[in-house]
Structure formats: C-alpha cells, structure tokens
Amino acid sequence: MSEALIEIRGLGNRFGSQQVHEHLDLDVHRGEILGVVGGSGSGKSVLLRSIVGLREPSAGRVKVFGENLLELDPQRRSQVERRFGVLFQRGALFSSLTLSENVALPLIEHAGLSRADAEHLAQTKLALSGLPAGAACKYPAQLSGGMVKRAALARALALDPEILFLDEPTAGLDPIGAAAFDQLILTLRDALGLTVFLVTHDLDSLYCLCDRIAVLAQKRVLVADTLEAVAAYDDAWIQDYFHGPRGRAARVAASKE
Amino acid sequence: MQTPSPQLQLDSSSRPPALRLSGDWTLARYAALRGQVNEWRQRLDGQALAAELDGIDALDTAGAALLVDLLGAARLIAAVEADASLGSERRNLLLATAHAHQGYVEEPAAPSESAIREVLAHIGAAVDGICHQLIALLGFIGLTLASLARTAPRPRRWRVTSLVVQIEQTGLDAVPIVALLTFLVGAVVAFLGATVLASFGASIYTVDLVAFAFLREFGVLLAAILLAGRTASAFTAQIGSMKANEEIDAIRTLGLDPVELLVLPRMLAMLVTLPLLTFIAMLCGIVGGAVVCFISLDISLLMYFSMLHDDIALKHFLVGMAKAPVFAFLIAVIGCLEGFKVAGSAQSVGAHTTSAVVQSIFVVILLDAVAALFFMEMGW
Ligand SMILES: Nc1ncnc2c1ncn2[C@@H]1O[C@H](COP(=O)(O)OP(=O)(O)OP(=O)(O)O)[C@@H](O)[C@H]1O
Ligand SMILES: [Mg+2]
C-alpha cells in the first residue's frame with residue numbers, strides 16, 4: 001500500500017452538545033481518488049474542514065503530508081496550504097472579483113505571475129473546467145449554480161495542487177456536465193498524480209471515479225475500501241445506499257460502459 | 001531553473017520542420033516560458049511543422065496551456081495524435097486542454113476612454129445617480145407608508161417580537177454611548193460659554209446657552225447623528241446581506257411582503273427610540289453643563305436648575321422633540337432602502353453601508369438647518 005498523505009486518528013468534533021465525529025480514523029493514500037459518502041448532516045463537510053485546518057478538532061489529530069497543520073508556524077502552514085485545492089460546497093467564490101480574477105488571485109499571490117499572465121492562464125483553467133467564453137469577466141452573483149461549481153473547480157486547480165478536496169462538485173450540474181467533470185478529474189489525476197478527496201452523493205461519480213469509498217455513519221468512518229467491498233458490507237444504511245433503486249441504476253449504467 | 005534554456009529548438013533540416021520541446025513545462029517556470037512562447041508563436045505562425053513532445057520532463061495544466069498558446073489547439077492535437085510514444089496520461093491532459101481551448105475566444109479588453117471624457121462621464125453618472133436616488137427614496141417612503149397603512153388596522157399582523165428586538169438593539173444598547181457623548185459635548189459647550197461670556201461679565205448666562213443649545217438643537221442632532229452611524233449602517237448590512245443571499249427573494253416567493261417584515265419593525269423601533277434617546281441626550285448635555293458650571297464658575301446646582309426653571313420655556317423642549325420622529329423615520333428608511341439596493345457581492349454591502357451613513361447624516365443636518373430657519377422665522 002502506498003504512503004498515506006492524510007492520516008486521521010481518533011478525530012472528535014462537537015458543536016455544543018452535538019457530537020458530530022467520535023474516534024474517527026481515516027487514511028488517504030497518494031494518487032488515489034477517495035469517495036466520501038454519508039447521509040445529509042453526517043459530518044462530511046466538517047471532516048473536510050478539519051483536514052484542511054479550518055476547524056480545530058475537539059479530540060484526535062489530523063496529519064497532512066506528515067504534519068499537523070494546526071501546530072505549524074504561519075509561514076510553513078501557508079506553504080503546505082498551497083499544495084491543497086479546495087472546492088467548497090457552496091463555491092465560496094470571492095463575490096467582488098470576476099471569475100478570471102478569482103482564479104488569477106492564487107497565481108499572482110503564490111506563483112508570482114504578472115497580472116496579465118495570471119489572467120491569461122486563468123482563462124485556460126476556466127475553459128478546462130467547462131465554462132463558456134464570456135463567463136470569465138462575470139461576477140459570481142451573475143452565474144448559475146452549476147457555473148459557480150465549475151468556476152470554483154477552476155480556482156481549486158489554479159496552483160495545480162497535490163491534493164484536491166471536492167465537496168459535492170457535481171451537485172447541480174447537468175448530467176453531461178457531471179460526466180465531463182468526472183472525466184476531467186480522472187485526466188488530471190492520471191497526468192498530475194493528484195490525490196482527490198471527493199465528498200459526493202452522486203452514485204455515478206462513485207462508480208466511475210473512485211478507487212476507494214469511505215462511508216461516514218454513526219460519527220465515524222464505518223468502512224473505507226473498494227466499491228465491491230463497501231457494497232457488500234453488512235450495514236442497513238449501506239445496503240440501502242448501494243442496493244436501493246438509484247444505486248442499482250447507477251451500477252447497471254457503470255457496468256454497461 | 002536547473003533545466004537548461006532554451007527549451008524550444010527548431011530543426012529546419014527535416015521536412016516539415018520539427019520543433020523540439022524539452023525540460024519542465026510547469027507553473028514554476030511559467031513566467032520564464034511565457035516570454036519565449038510569445039516570441040516563438042509569431043515565428044511559427046501559420047507554418048506547417050511537427051512538434052516533438054516526448055522530450056518534456058514535467059508537465060502540468062499551466063504547461064499544457066502554454067503549449068496550446070504556442071502551437072494553437074489544432075496543431076497541438078495533431079502533434080499529440082501523431083506521437084505514439086506519448087503516455088496516455090499526458091496525451092489526455094494535452095487533449096483536454098486543447099479541446100477546452102477550441103472555440104473559447106478570449107474577451108478582448110475594453111478600449112480605454114480619454115481622461116477628460118471619463119471625468120465628464122463620471123460627473124454625469126453621479127448627477128444621474130443623485131436624481132435616481134431621490135426618486136427611489138420618495139418611492140420607498142410611499143411604499144413604507146402604504147404598507148404601514150395596510151398593517152396598522154390589523155393587530156394580528158403586527159410583528160411585536162421583531163419590534164421589541166429592534167427597540168432593544170437600536171435604543172437600549174445605544175444609551176451608554178449617547179449619554180456619554182452628550183455629557184461631554186454639554187461640558188464643552190459650557191466651557192466655551194464660560195470663556196466667551198466672561199469677557200462681557202455675563203458668564204452666568206452659560207446656563208442659558210447650554211440649555212438652549214441642547215433643548216433646541218444639540219440633543220436631537222447628536223442623538224440622530226449617532227443613530228445614523230450606528231443603526232442606519234446596521235440596517236443596511238442586515239438587509240443587504242439577506243439580499244445578497246437571496247433571502248429577500250425567498251421572502252417574496254413565500255408570499256410575504258419584505259417591507260412589512262423587515263422595514264416596518266425597524267422604522268417603528270426608530271420612531272420609538274430616537275425621541276427617547278433625544279430626551280436622554282438633552283438631560284445628559286444639561287448635566288454636563290451643570291458640572292462645568294459648578295466646578296469652574298461656582299454656580300451651585302440649585303442655582304443652575306432654578307435658572308433653568310425660570311428662563312427656559314417649555315416650547316424649546318418641544319421644538320427639539322418635534323424633530324426627533326422625522327429624523328428617525330428618514331434614518332430608518334434610508335438605511336433599509338440602501339440595504340435593498342445591494343447587489344450580490346460583499347463589496348456592494350460595504351459600499352451601500354457607507355452610502356447609508358453618509359446620506360442619513362447629510363439629511364439629518366440639512367433638515368435641522370431648514371427647521372432652525374423655519375422656527376426662527378415663526379418666532380417659536
Ligand atoms: N458551524 C457549525 N455550528 C454548529 N453545528 C454545525 C456547524 N457546522 C456543521 N454543524 C453540524 O454538524 C453536522 C454535520 O454537518 P456537515 O455540514 O458536515 O454535514 P454534511 O455531511 O456535509 O451534509 P451534506 O451532505 O448535507 O452537505 C450537522 O448536523 C450540522 O448541523
Ligand atoms: Mg456538506
């Protein structure tokens with residue numbers, strides 16, 4: 001088994017009296033696409049925020065590239081954070097910048113490009129994530145929901161990160177767009193050796209994209225294994241998930257390909 | 001850095017000429033490569049050539065974008081298809097980038113206007129903006145009054161909870177700052193009076209000065225300006241971020257009236273609190289004056305208040321108080337209207353918040369000046 005880029009041990013998260021995670025363990029290996037599934041409110045987004053260091057866990061520790069982000073000094077931490085690309089569930093685009101400025105910002109700040117170069121490269125990234133020409137000079141408030149997702153992906157990809165965190169990237173995309181999105185992630189993973197942490201409810205993405213799947217339930221990672229092993233796991237929720245009507249349809253579609 | 005330049009070599013001996021690419025094509029080398037690519041693109045423009053991509057060491061999306069710039073999407077696709085030795089991952093990345101580029105036309109930057117034209121255009125836009133603002137404000141006042149008239153006869157539609165919360169936030173929470181500031185201004189006015197009037201031997205009239213100033217003007221003016229800074233901005237930010245988050249649209253689609261839900265409680269709360277705060281401001285200003293008189297003019301408190309009682313007629317208090325509801329109404333309406341004008345971005349929330357504060361302070365001072373003239377002419 002290849003080395004673990006992200007290592008989570010005994011993670012606990014609580015909000016007031018609500019315990020979201022308890023004794024949660026998870027490894028993410030270099031170069032894999034890990035799908036994270038779980039019911040609404042099961043704490044997938046909170047897990048993602050804990051990994052990228054936006055949330056101090058109430059127990060346990062999270063190591064990324066072998067380092068605990070929360071213990072690093074600011075400069076070192078910023079260097080590590082540059083190796084992440086994060087797509088937030090609601091896009092989190094900067095509302096007062098245009099799309100190309102949104103994508104160009106990390107390029108100017110971290111890659112040291114001039115503004116003109118950065119905006120030029122930003123256009124390519126926007127095109128790559130499937131946005132039409134002419135969207136580049138729009139502001140986030142002028143976009144459709146699916147376009148926000150695409151632009152957020154372009155910004156996450158700006159620095160060609162080593163780990164890509166995607167929080168429901170295909171929610172709100174048309175099926176053709178979602179398939180192209182999956183294909184793009186695969187292409188990038190193969191060409192750049194990306195590691196992808198993918199939170200999703202999209203069964204088609206799970207079937208065609210993920211090397212391993214982690215199921216979040218009962219405040220911890222119930223199983224993290226290949227699709228077949230997870231689908232065969234003996235748990236009522238998992239059985240419903242993979243063998244319910246939608247799960248069956250997605251499996252049939254995936255096996256036809 | 002460690003890769004030797006040049007990374008592009010043209011071998012013109014073969015037919016068609018072969019462009020040999022080597023080294024790292026990555027984001028880290030983007031700035032350096034960009035210049036070379038621009039040069040080479042012009043030299044290669046329109047030429048038929050074969051590109052040899054297998055010498056490239058590291059490649060990422062930034063490098064792929066550069067290659068597309070260099071060769072153009074069509075030539076790159078042809079080169080990739082011709083080169084069987086290329087790994088499938090690299091082939092997919094290059095193809096994906098090239099295909100994304102095809103049919104993607106970059107927006108040309110808008111040509112810039114001459115400076116004078118821009119200044120004139122800016123002035124024109126500003127004047128136009130003021131006119132629209134005035135019309136919008138009048139329209140919004142009408143809307144608010146109409147909505148008030150509709151809800152007033154139906155007590156079940158009164159938003160009592162919301163009203164009480166707003167009264168607490170705009171009124172009760174502002175008491176300390178209003179009291180402290182007016183106390184200090186009262187003391188300052190008394191100092192001024194004591195200094196200037198002493199040269200006429202009339203320093204006893206400092207008492208009248210403070211009382212007149214605070215009852216007629218300063219009490220209501222200071223309270224209104226403080227609320228304009230404190231509350232108008234809060235109204236704009238609250239309603240503006242709801243607008244940016246599409247919450248206002250959600251209220252509309254639920255069949256509710258945003259004016260009734262958001263504006264009326266805020267406006268009514270201001271109508272209640274500003275007169276109360278004005279009263280507190282008057283008291284504290286007069287007390288501030290009394291303290292200074294007692295300390296530096298040796299006017300005893302008893303004497304101070306008996307002078308107040310004898311010299312100052314009730315009408316001065318009424319003149320001051322009469323202005324409070326008008327100011328309150330205008331501050332609330334301006335704050336809320338600016339909130340509704342916010343358009344989807346964080347910057348817009350900031351701009352409109354600033355605008356709300358400036359406008360409401362401007363309106364308060366303007367109206368106060370007009371009212372002072374009016375009351376003087378009427379002899380009140
Ligand atoms: N800032 C917060 N304060 C309080 N509770 C929170 C906060 N953030 C998340 N929670 C709670 O933590 C739980 C997990 O939330 P999370 O956003 O991780 O869900 P999720 O698994 O991503 O769901 P979804 O699939 O709907 O996105 C929820 O019950 C939520 O109410
Ligand atoms: Mg979530």
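A Förster distance of 45 Å, applied to the separation of the beta-carbon atoms of A:ALA59 and B:LEU10, puts the FRET efficiency at 0.15. For the Cα atoms of chain B, what angle does the longest principal axis make with the long axis of helix B:314-340, in degrees from 0 to 90, nearest 10? For helix B:314-340, the angle is close to 10 degrees. Within region B:166-210, list the residues whose amide N lies under 16 Å from a label point set 7 Å along Cα→Cβ of B:VAL291. In region B:166-210, the label zone of B:VAL291 (backbone N under 16 Å from the point 7 Å along Cα→Cβ) covers B:176-192.
Ordering of A:61-68, B:368-375 by packing is A:61-68, B:368-375, highest average first (other Cβ atoms within 10 Å, averaged per residue). Would you work out which of A:GLY31, B:PHE317, B:PHE212 lies farthest towards the positive end of the dipole of the protein assembly as shown? Charges go on Cβ: Lys and Arg +1, Asp and Glu -1. Toward the positive end, the furthest listed residue is B:PHE317. Nonpolar atom fraction for chain B, defined as the carbon and sulfur part of the 1.4 Å probe accessible area, stands at 68 percent.
Taking the Cα centre of chain A as reference, the dipole from Cβ charges on Lys and Arg (+1) and Asp and Glu (-1) amounts to some 540 debye.
Remark: spin-label model distance A:ILE176-B:ARG150 equals 4.4 nm, labels positioned 7 Å along the Cα→Cβ axis. Taken residue by residue and averaged, Cβ atoms of other chains lying within 10 Å of the Cβ of A:182-191 number 5. Placing +1 on each Lys and Arg Cβ and -1 on each Asp and Glu Cβ, with no other charges, gives chain B a dipole about its Cα centre of roughly 880 debye. The A-B contact accounts for roughly 2300 square angstrom of buried accessible surface, both chains included, probe 1.4 angstrom.
One equal scatterer on each Cα of region B:36-191, no solvent, Debye formula: the resulting log10 I(q)/I(0) at q = 0.08, 0.11, 0.15 Å⁻¹ is -0.68, -0.74, -0.97. Across all C-alpha atoms in chain A, the radius of gyration and Dmax reach 18.3, 56 Å. At the listed q of 0.20, 0.28, 0.29 Å⁻¹, the Debye profile of region A:94-150, built from one uniform point per Cα, gives log10 I(q)/I(0) equal to -0.66, -1.16, -1.21. Axis angle, to the nearest 10 degrees, between helix B:73-82 and the longest C-alpha principal axis of chain B: 40 degrees. Using a Gaussian network for chain B with springs between C-alpha atoms less than 10 Å apart, which of these wobbles most: B:PRO258, B:PRO153, B:PRO17? Maximum among the listed residues: B:PRO17.
Mean separation of Cα pairs under 8 Å and 6 or more residues apart, divided by the residue count, gives chain B a relative contact order of 17 percent. Between B:ASP257 and B:LEU138, the FRET efficiency from the beta-carbon distance, with R0 = 25 Å, is close to 0.80.
The rule of thumb for compact globular proteins, 2.2 N^0.38 Å, goes into the C-alpha radius of gyration of the protein assembly as shown 1.32 times.
Pairs of alpha carbons in chain B separated by more than 36 Å make up 54% of all such pairs.
For a label point 7 Å from the Cα of A:GLU71 along Cα→C-beta, name the residues of region A:10-25 whose backbone N is under 13 Å from it. In region A:10-25, the label zone of A:GLU71 (backbone N under 13 Å from the point 7 Å along Cα→Cβ) covers no residue. Per residue, the solvent-accessible area of the protein assembly as shown (1.4 Å probe, heavy atoms of protein chains only, all protein chains present) comes to 48 Å². Placing pseudo-labels 7 Å out from each Cα toward the beta carbon at A:ALA232 and B:ALA343 gives an inter-label distance of 5.9 nm. The slack in the chain from B:ILE130 to B:VAL358, taken as 0.36 nm per residue of separation less the alpha-carbon distance, amounts to 80.8 nm. Taking the centroid of alpha carbons for each part, region B:338-380 and region A:32-76 are 48 Å apart.
The values are calculated or read from the model by the stated rules, or taken from the named source; none is laboratory data. This is a predicted model, so every value here is computed, not measured. For neighbour counting, all protein chains shown are included, and Cβ atoms are generated from backbone atoms with ideal geometry for every residue, glycine included. Just so you know, the surface numbers come from the protein's heavy atoms only, side chains and all, with ligands and any DNA or RNA stripped out. Shrake-Rupley method; radii C 1.70, N 1.55, O 1.52, S 1.80 Å.
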